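Please read the structure below before turning to the comments.
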Amino acid sequence: MNLTSPHTPDKMQYEDTCLFQILENGICDMEAGRELPLADAFQKVAELREHRKHARL
């Protein structure tokens with residue numbers, strides 16, 4: 001399955017494919033009932049942002 005145009009550079013195609021794979025995994029998790037309650041989800045997002053911020057330093 002081609003997710004991008006044939007003129008897209010390889011890096012962009014990899015990023016597009018990766019994004020679609022992440023979205024697909026999220027949909028599968030929701031269907032399986034593995035989603036977090038809203039408050040826990042926002043807490044996890046905040047933790048991931050902190051880790052990412054410190055990784056850039």
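Only the coordinates and a few stated rules stand behind these numbers; no lab work does. Everything numeric in this text was worked out from a predicted model, so none of it was measured. Cβ coordinates were reconstructed from backbone atoms using ideal geometry, including for glycine residues, and neighbour counts include every protein chain displayed.
How much FRET efficiency would the formula 1/(1 + (r/R0)^6) give for I27 and H51, where r is the Cβ-Cβ distance and R0 is 30 Å, rounded to 0.05?
Rounded to the nearest 0.05, the efficiency is 0.80.
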Cut-off 13 Å between beta-carbons: net charge of the residues surrounding C28, Lys and Arg +1, Asp and Glu -1
-3
